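In what follows, a structure is listed as structure tokens, so that the remarks can point back to it.
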Protein chains: 2
Amino acid sequence: MTHPDLVHALRGGIVESFHRGSLAIVDAQGALLHAAGDVDRPVFSRSACKVLQALPLVESGAVETFGLTDEELAMACASHNGEALHASTAAATLAKAGLDEAALECGAHWPMGDAAIKALAREGREPSALHNNCSGKHAGFVCLGCMLARAQGQDARAFLRGYVQPEHPVMREVSAALQATTGADLASAPRGIDGCGIPTFGIALRRLALAFARVATGAGLSSGRAHAALRLRQAVARAPFFVAGTGRFDTRVMQRLGERVFCKVGAEGVYCAALPEQGLGVALKMDDGNNARAAEVVMAAVIEALVRLDDDEAQFMRGFSDATLRNWVGTEVGALRANDAFRQTLCSLQ
Amino acid sequence: MTHPDLVHALRGGIVESFHRGSLAIVDAQGALLHAAGDVDRPVFSRSACKVLQALPLVESGAVETFGLTDEELAMACASHNGEALHASTAAATLAKAGLDEAALECGAHWPMGDAAIKALAREGREPSALHNNCSGKHAGFVCLGCMLARAQGQDARAFLRGYVQPEHPVMREVSAALQATTGADLASAPRGIDGCGIPTFGIALRRLALAFARVATGAGLSSGRAHAALRLRQAVARAPFFVAGTGRFDTRVMQRLGERVFCKVGAEGVYCAALPEQGLGVALKMDDGNNARAAEVVMAAVIEALVRLDDDEAQFMRGFSDATLRNWVGTEVGALRANDAFRQTLCSLQ
């Protein structure tokens, strides 16, 4: 199936480049309100599903046991910039469990954003696993592992070794939460390895959107899991810097709209969102895997169309869904915008 | 027209993302040997056509007047990394014309590559116009402007002001070369503003490929222009670091294959190449504007299929057209490769 073009990059009055993709908007009963493209083919959910993967952490009682903060819970759902505050927060989480960055199995990489790269380089430093954009998620896995080890009377360090492997008890808990919320049969789903070493599963957008509708409403979840979903959404709404970072879409949108939107980027142009007031879940994937200038633009248009916004908020979102492109000397050279035809179909959902 | 998918990003045994695009391969008489997708719609050639824009510099006699080196001529065709040697070479070119970076109208930006960003940040420095990836091209425009000013007995500094504007004598010369080599009527073509401030024109891939077939062979060009094309190709083959930089596709391919290939990336997934031994020109554009993991993969597959390579060279190119993807801990997680169906159509051209 050829997916519709959802985003246009314009220059000199013509479409210079464009981005195709697929999108599902679903309610908590699984009813499909809107579909663009094929929403049944398997899509690796990548980091867009981190909030689902963090549910067992909250359900385990780790929040109370270790005294985890909103910032640390937001980090458990984060793909962060690797700014100093992100790295120190991941380190603080690990310290609460009596561990340090040696426990992390995510690998090290230079921070995602130019500003964080420059900051580290100016100090003459190299990145550690704490700067990995997934360090907060992995710190959460480590805390979950500590809870499981305690329950079994095992040494945490020994128990944790290999926690990124699919058959490790930590990853079994994480995958079980993903299976329960999406309703997908992960045993028969395509399985890949994510950037940070954990398994990632091919799941239909329709099912990912359902999971986020459940996160938005608690419907279809056990009361413990529904509470965990609410706790994570609230944590991110209170500490949105920690889910992404300076200048990033998720941080800026949730700083502005608070608990009305929970949105989360994933690698390869995947994006998911929970819209609590509407009781809806959203999942999308750009064919070409582009996040910053494709998936974000689509998500902005969806939020603009579906969430109740005042004029200033609508204008704020329009800055993402219809952005002016400028060159190095600051001259306006074009625009990056959600395709008008796509925008119109979204408006018909209101 | 829906363009064919030319590049697949694979993970966990399935296609995770893919890139559509269009491609023209043309001989110096304008015969179309191969077309994928629509090769007649206008495409902004962006930086892929810098060698065409550098022809008037060589034709003006500036090489002899200012004693320009191979490195400086390669820079005139370059989208470089902004490494120290790139910045100093652009400064040296300007100095030969009695000018400095204040003459450049391209604007400043942080270097393109992470390594160059870190190098500058570690020294506590900020980028100047010399670090702009187009600084060599602009230094070439400045030298051309000096030649024009001399011929008219005018002060170079005053003459140069506004050289990026379409109606300035420098840009008229540059656009005239683009029109003559492509055969496109630029007066009626879509016109945008490029990242560095100069005009960029919407030109059919078929015509861009023709221009590169002419650069490859000299056919259809005046003897002065044919000589200029050869001089530029030779300069880049002798100093390929200066056309891009450390780790970059154009630099690595031309370091390995020398004068047998002249290839050049442009913004928004545009790529052009001259294949002198085959007498062919190549022009391609990815729909989504992706260079590093889409346009380069397609160009690698084209070179692999059309250029006479020994086994080691073929394996070297295969490293670009069928690349292993690894995650942060070094685990193989997938592949980035030219679509098999596309590769087969290319093989039928041999």
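The values are calculated or read from the model by the stated rules, or taken from the named source; none is laboratory data. Predicted model only: the values in this text are computed from it and were never measured. Reconstructed Cβ throughout: ideal geometry from the backbone, glycine too, with neighbour counts over all protein chains shown. Please note that ligands, DNA and RNA were not included when accessible areas were found on the heavy atoms of the full protein model with its side chains. Shrake-Rupley method; radii C 1.70, N 1.55, O 1.52, S 1.80 Å.
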(request) Would you mind telling me which numbered condition in (1) of a type outside the set (A, V, I, L, M, F, W, C); (2) more than 11 Å from every other protein chain (Cβ to nearest Cβ); (3) closer than 25 Å to A:GLY279 by Cα A:PRO42 fails? (result) (2)
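Could you tell me which residue of the stretch A:176-185 is nearest to the other protein chains (Cβ to nearest Cβ), considering only residues that are crowded, with 21+ Cβ neighbours inside 10 Å and out of contact with any Lys or Arg (no Cβ under 6 Å at 6 or more places or on another chain)? Break it down into steps so the answer makes sense when it comes.
To start, the set of residues in the stretch A:176-185 that are crowded, with 21+ Cβ neighbours inside 10 Å comprises A:177-178, A:181-182, A:184.
If we keep only those that are out of contact with any Lys or Arg (no Cβ under 6 Å at 6 or more places or on another chain) as well, we get A:177-178.
Values: A:ALA177: 20, A:LEU178: 15 Å.
Among those residues, the one meeting the criterion is A:LEU178.
So, B:CYS49, is that one under 30 Å from B:LYS285 (Cβ atoms), out of contact with any Lys or Arg (no Cβ under 6 Å at 6 or more places or on another chain) and within 14 Å of chain A (Cβ to nearest Cβ) or not?
Values: under 30 Å from B:LYS285 (Cβ atoms): yes; out of contact with any Lys or Arg (no Cβ under 6 Å at 6 or more places or on another chain): yes; within 14 Å of chain A (Cβ to nearest Cβ): no.
It is false that B:CYS49 is under 30 Å from B:LYS285 (Cβ atoms), out of contact with any Lys or Arg (no Cβ under 6 Å at 6 or more places or on another chain) and within 14 Å of chain A (Cβ to nearest Cβ).
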(request) Starting from residues that are more than 9 Å from chain B (Cβ to nearest Cβ) and open to solvent by 50 Å² or more (accessible area, probe 1.4 Å), keep the ones in the stretch A:104-122 and report whichever is nearest to the chain's Cα centre (by Cα). (result) A:MET112
(message) Tell me yes or no: at least one residue of the stretch B:16-31 is touching a helix residue (DSSP H, G or I) at 6+ places or on another chain (Cβ under 6 Å) and not in a strand (DSSP E or B).
(response) yes
(message) Regarding the stretch B:25-38, can at least one residue be identified that is surrounded by fewer than 24 Cβ atoms within 10 Å (Cβ to Cβ) and within 14 Å of another protein chain (Cβ to nearest Cβ)?
(response) yes
(request) For B:ALA139, state whether it is among the small types (Gly, Ala, Ser), on the phi < 0 side of the Ramachandran plot and surrounded by 24 or more Cβ atoms within 10 Å (Cβ to Cβ). (result) yes
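For every residue, the table says whether it meets (1) within 15 Å of the chain's Cα centre (by Cα); (2) at pLDDT below 95; (3) more than 20 Å from B:ASN81 (Cα to Cα).
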residue	(1), (2), (3)
B:SER188	no, no, yes
B:ALA204	no, no, yes
B:LEU232	yes, no, no
B:VAL236	yes, no, no
B:ALA244	yes, no, no
B:VAL261	yes, no, yes
B:GLY269	yes, no, no
B:ALA274	yes, no, yes
B:VAL282	yes, no, yes
(request) Read through the list (1) open to solvent by 40 Å² or more (accessible area, probe 1.4 Å); (2) in contact with a Cys (Cβ under 9 Å, 6 or more places away or on another chain), then give the number of the only condition that B:GLN350 fails. (result) (2)
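Wholly within the stretch A:253-343, which strands (runs of 3 or more DSSP E) include no fewer than the required count, namely at least 3 residues that are within 30 Å of B:CYS134 (Cβ to Cβ), open to solvent by less than 40 Å² (accessible area, probe 1.4 Å) and not charged (D, E, K, R)?
A:332-338
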(request) Determine, yes or no, whether A:SER188 is within 27 Å of B:THR331 (Cα to Cα), polar (S, T, N, Q) and open to solvent by less than 60 Å² (accessible area, probe 1.4 Å). (result) no
(message) Looking for something away from chain A (no Cβ under 14 Å), surrounded by fewer than 22 Cβ atoms within 10 Å (Cβ to Cβ) and under 20 Å from the mean Cα position of the chain (by Cα) - is there at least one such residue anywhere in the stretch B:85-97?
(response) yes
(request) Being charged (D, E, K, R) and under 16 Å from B:PRO190 (Cα atoms) is the filter; apply it to the stretch A:6-24 and report the residue that is nearest to the other protein chains (Cβ to nearest Cβ). (result) A:ARG11
(message) Quick test for you: out of A:ALA323, A:ALA314, pick the one residue that is modelled with pLDDT of 95 or more, closer than 20 Å to A:ASP5 by Cβ, of a type in the set (A, V, I, L, M, F, W, C) and out of contact with any Phe, Trp or Tyr (no Cβ under 9 Å at 6 or more places or on another chain).
(response) A:ALA323
(request) Collect the residues in the stretch A:200-223 that are open to solvent by 40 Å² or more (accessible area, probe 1.4 Å), in contact (Cβ under 8 Å) with a residue 24 or more places away in the chain and not basic (Lys, Arg), keeping them in residue-number order. (result) A:THR217, A:GLY220
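Take the residues in the stretch A:39-49 that are of a type outside the set (Ser, Thr, Tyr) and assigned to a helix (DSSP H, G or I); name whichever of them is nearest to the chain's Cα centre (by Cα).
A:ALA48
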(message) Contact list please: Cβ distance under 7 Å, first residue in the stretch A:117-130 and closer than 21 Å to A:LEU104 by Cβ, second residue hydroxyl-bearing (Ser, Thr, Tyr), pairs at least six apart or on different chains.
(response) A:ALA129/A:SER135
(request) Specify which of the listed residues (B:GLY192, B:GLY197) is touching a residue at least 60 places away in the same chain (Cβ under 8 Å), assigned to a strand (DSSP E or B) and over 16 Å from the mean Cα position of the chain (by Cα). (result) B:GLY192
